Amino acid sequence: MPRAKYQFPSGFLWGTATAAHQVEGNNTNNNWWQWEQTPGNILNGDKSGLACDWWGGRWEEDFDRVANTHQNAHRFSIEWSRIQPSPSRWDDNAIDVYREMLKGLIKRNMVPMVTLHHFTDPIWFNEQGGWENEKSVECFIKFTRKVVKAFKDYVHLWVTINEPNVYLFGGYMHGGFPPGYNSLVRAFRAGVNLLKAHAGSYHAIHKLQSDALVGMAHNYRSIKPAHNWCLPESFLARQLKRNFHTFAYAAQNGVFSLLTTRKRVPAASNTQDFIGVNYYSQDIVSFDIRNPSTLFGRLHYPDGSDLSGSGFIANVPDGMFEALHWALHFNRPIYVTENGVEDAEDKMRPRYITQHIHKIWRAVNFNWPIKGYFHWSLVDNFEWERGWSQRFGLWGLDVATQKRIRRPSVDLYASICKENALSSDLVQKYAPEAFESIFPG
């Protein structure tokens with residue numbers, strides 16, 4: 001058996017990622033809580049409820065868990081509706097709680113990465129028209145200023161908006177996210193305002209904190225034609241990729257485009273100090289005249305894929321390398337801001353983690369500027385429209401008792417973080433079925 005070690009650069013960030021609504025619990029003043037109350041919106045009628053009870057103080061024990069397993073960073077989000085529960089009121093008590101969380105990370109020698117918008121909006125914001133209202137931009141900038149003034153002594157890495165592409169497609173084109181629309185016109189209007197909000201937030205942060213690094217976290221979806229020789233499928237793959245990743249390009253060139261509609265937003269040009277990459281899987285697109293809503297394309301996983309328990313994710317590590325190569329073209333530092341798999345039994349996760357981290361090391365070995373990796377997620381949490389049906393955590397969660405369950409992947413990831421490396425001994429111990437693909441020969 002070959003013995004080797006894939007070493008990462010000194011100072012590389014190893015962490016996990018979470019989002020406020022998914023872990024805090026009792027976020028009763030935002031659009032997702034409201035969305036959960038309507039039957040049929042969430043799988044199995046699930047509700048976020050206490051989530052992981054971070055607002056009740058359990059963030060402390062979870063931060064102890066990550067610190068004790070050698071992680072040196074954590075990415076989490078600020079819940080807008082807690083900071084600004086009404087248009088005219090700011091909640092200093094909520095600010096104090098988040099400040100304690102940030103101090104808690106720093107006390108544990110961990111680098112915070114803070115996300116300002118992770119899918120949720122205050123109810124009052126939606127009642128004013130949400131992201132279709134041009135005033136939404138200034139609302140978000142005011143929120144940004146409030147947060148950055150409060151936390152700039154503790155935070156250097158800021159994510160303005162998490163996966164604006166998923167938020168836009170889910171809420172305005174496919175209807176599975178609030179506000180539940182299926183309208184290209186509404187999607188375009190909201191998308192332009194989301195981009196303007198990102199740009200305004202970017203400039204506001206730099207005005208308050210000149211040394212901050214500010215970016216977005218983009219969900220990168222690898223999309224391949226089912227047959228390279230099929231011109232319609234090749235065209236569809238290009239168009240779907242271009243439209244799905246539109247925010248990343250718009251934050252570089254200042255042009256927001258969706259299908260055939262474009263709008264210049266000059267303030268958005270060059271508003272990413274780093275590129276955040278969220279990568280989970282790869283899609284194959286086949287031409288299908290029955291699917292006009294997806295430009296006559298049918299998306300599916302590659303034949304014979306290594307699938308997660310529910311079939312939600314296919315383990316395609318080559319897509320991670322493709323995602324990093326895509327990010328490289330923006331000429332900015334790169335952080336893998338999310339990567340993980342739903343796996344309650346923790347049987348697929350070890351090979352998924354090791355195979356994807358191996359692809360990241362390969363990119364690092366080409367001297368690509370990859371600065372950190374944040375696994376999704378620290379602990380099982382409320383997975384949006386899929387409720388509690390999927391378990392992405394290194395740590396399991398008994399929702400009824402709030403008990404954390406230590407999965408084997410905790411120790412696998414802890415060893416990678418501690419060694420700052422992926423070793424053959426580690427892969428042989430935790431994911432022997434992946435050994436040959438990572439250490440051939």
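All of the numbers you see were taken from the coordinates with simple rules; none came from a lab. Owing to the predicted nature of the structure, the values given are computational and were not obtained by experimental measurement. Positions of Cβ are backbone-derived with ideal geometry, glycine not excepted, and every protein chain shown enters the neighbour counts.
Odds and ends about this structure:
- In this structure, Tyr202 does not qualify as under 25 Å from Glu36 (Cα atoms), of a type in the set (Ser, Thr, Tyr) and crowded, with 18+ Cβ neighbours inside 10 Å.
- Residues in the range 284-320 that are of a type outside the set (A, V, I, L, M, F, W, C), outside any loop (DSSP other than H, G, I, E, B), over 22 Å from Tyr373 (Cα atoms) and touching a Phe, Trp or Tyr at 6+ places or on another chain (Cβ under 7 Å): 1 in all.
- Complete set of residues in the range 361-399 that are in contact (Cβ under 8 Å) with a residue 24 or more places away in the chain and in a strand (DSSP E or B): Ile370, Lys371, Gly372, Tyr373, Phe374, His375, Val379, Trp395, Gly396, Leu397
- Flag: Glu61 matches the condition of being within 16 Å of Asp380 (Cα to Cα), over 22 Å from the mean Cα position of the chain (by Cα) and not hydroxyl-bearing (Ser, Thr, Tyr).
- Exactly one residue out of Lys418, Lys403 is charged (D, E, K, R) and more than 25 Å from Ala51 (Cβ to Cβ), and it is Lys418.
- Selection from the range 56-67 of residues that are touching a residue at least 12 places away in the same chain (Cβ under 8 Å) and not acidic (Asp, Glu): Gly56, Arg58, Trp59, Phe63, Arg65, Val66, Ala67
- Yes/no for Thr271 being surrounded by fewer than 22 Cβ atoms within 10 Å (Cβ to Cβ), over 27 Å from Phe392 (Cβ atoms) and of a type outside the set (A, V, I, L, M, F, W, C): no
- The range 344-369: number of residues that are over 18 Å from Asp425 (Cα atoms) and crowded, with 24+ Cβ neighbours inside 10 Å: 1
- Every condition in (1) in a loop (DSSP other than H, G, I, E, B); (2) aliphatic (A, V, I, L, M); (3) over 26 Å from Gly170 (Cβ atoms) holds for Leu50 except the one numbered (3).
- Screening the range 38-56 for residues that are of a type in the set (Gly, Ala, Ser) and in contact with a helix residue (DSSP H, G or I) (Cβ under 8 Å, 6 or more places away or on another chain) and picking the one that is surrounded by the fewest Cβ atoms within 10 Å (Cβ to Cβ) gives Ser48.
- Residue match in the range 57-71 (condition: surrounded by fewer than 22 Cβ atoms within 10 Å (Cβ to Cβ), touching a strand residue (DSSP E or B) at 6+ places or on another chain (Cβ under 8 Å) and in a strand (DSSP E or B)): no
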